[in-house]
């Protein structure tokens, strides 16, 4: 692949947007340099005019249950993971963690094997796996099947952390899992988040001390903040180090609650997730989970019991909502979808920035913040 130049864009760099630079992408899919536009047109073998659009780092989604009509729990093959990635790519997501909702050990093993094979085969954008459960609290199960909840023994812990060519993120309820087990997961390289937890403030603090690094979909499926019982939400907001994923769809969490979190937490510790289900990038609003058919109605995904069952959100919409509902500037909303999740996952030395040496994972938005094109390692796909 010849060197290509991306010109006439408003490019998000570390210090804000610049309309006076072009991005040179080399043949290996990395950003070679940021140069004046005239120089770029001379040096590059191929020039693409961005039409004055916003050029952002590609979005990184750590919680993707499905997309393109595929639910990861139901199909763990590399081809299925690829289909999920393609569906989300049209909405600017260039990296993701396929996310397994609480299931049996057999399904978990298949999901890990499928993820390992997808990464080995070079399926674009797959960073690892997110195991959301099954080590959760029945009182905060959401749409998860509590009959599959359990505490892992040594053999299952080894299996759950056995992915050897990518990231493993485990969401668990710290009051359900011994602190030594959390420490063992971390020692085996896993990132551990608290979620679907009924834990007290003290129990969640103990989890943080054992190695919990973040919180899965802050406010949702966790003990709330109250005056005399800070709960999981209180522990999350108080922690200066812990990261929090947030679902900004106007349904999962009231925008005012998210603005409170933004005010409480250090900048860079909140990041956007979709918690997306198969209808993202698909014409079919329904899917099957645990044998039950679940349908999105007016963009809201609930099971028969009325519990929220993931979302129909995509990352580009999450970015727009962060601007429009939370009042943040586009540059900060974009970082919450790219730079900050890259830091959380420990891949910020190669992803999440537009800078020389970083992988050319990029997304182009127009004036209405709609995706016009996405690049993964320099390879473009137009929306």
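Listed by position, the helices (runs of 4 or more DSSP H) enclosed by region 248-359 that each have at least 2 residues that are within 16 Å of residue 95 (Cα to Cα) are 315-324, 330-336, 339-345.
Matching residues to (1) surrounded by 22 or more Cβ atoms within 10 Å (Cβ to Cβ); (2) modelled with pLDDT under 95; (3) under 17 Å from the mean Cα position of the chain (by Cα):
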residue	(1), (2), (3)
246	yes, no, yes
302	no, yes, no
306	no, yes, no
316	yes, no, yes
320	no, no, yes
330	no, no, no
333	yes, no, yes
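Residues that are in contact with a strand residue (DSSP E or B) (Cβ under 9 Å, 6 or more places away or on another chain) and under 12 Å from residue 354 (Cβ atoms) were ranked within region 2-17; the one that is surrounded by the most Cβ atoms within 10 Å (Cβ to Cβ) is 6. In summary, residue 279 fulfils each of the numbered conditions (1) surrounded by 15 or more Cβ atoms within 10 Å (Cβ to Cβ); (2) under 30 Å from residue 8 (Cα atoms); (3) more than 16 Å from the chain's Cα centre (by Cα) with the single exception of condition (2). Restricting 41, 48 to residues that are over 27 Å from residue 314 (Cβ atoms) and either in contact with a strand residue (DSSP E or B) (Cβ under 6 Å, 6 or more places away or on another chain) or not in a loop (DSSP other than H, G, I, E, B) (or both) narrows the list to 41.
This table checks each residue for (1) modelled with pLDDT under 95; (2) at negative phi.
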{"position": "20", "(1), (2)": "yes, yes"}
{"position": "24", "(1), (2)": "no, yes"}
{"position": "29", "(1), (2)": "no, no"}
{"position": "32", "(1), (2)": "no, yes"}
{"position": "36", "(1), (2)": "yes, yes"}
{"position": "39", "(1), (2)": "yes, yes"}
{"position": "43", "(1), (2)": "yes, yes"}
{"position": "54", "(1), (2)": "no, yes"}
{"position": "57", "(1), (2)": "no, yes"}
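Within region 93-115, can one find any residue that is over 22 Å from the mean Cα position of the chain (by Cα), surrounded by fewer than 19 Cβ atoms within 10 Å (Cβ to Cβ), over 30 Å from residue 243 (Cα atoms) and touching a residue at least 24 places away in the same chain (Cβ under 8 Å)? No, because not a single residue in region 93-115 is over 22 Å from the mean Cα position of the chain (by Cα), surrounded by fewer than 19 Cβ atoms within 10 Å (Cβ to Cβ), over 30 Å from residue 243 (Cα atoms) and touching a residue at least 24 places away in the same chain (Cβ under 8 Å). Taking the conditions (1) outside the structural domain of residue 196 (by TED's automatic domain parsing); (2) within 23 Å of the chain's Cα centre (by Cα); (3) free of Cβ contacts under 8 Å to residues at least 60 places away in the same chain in turn, residue 35 satisfies each one other than (2). Only one of the numbered conditions (1) touching a helix residue (DSSP H, G or I) at 6+ places or on another chain (Cβ under 6 Å); (2) part of a strand (DSSP E or B); (3) more than 24 Å from residue 378 (Cβ to Cβ) is not met by residue 134, and that is (2).
The values are calculated or read from the model by the stated rules, or taken from the named source; none is laboratory data. Keep in mind the model is a prediction, meaning the values are calculated, not measured. Note: ideal-geometry Cβ built from the backbone for every residue, glycine included; neighbour counts use all protein chains shown.
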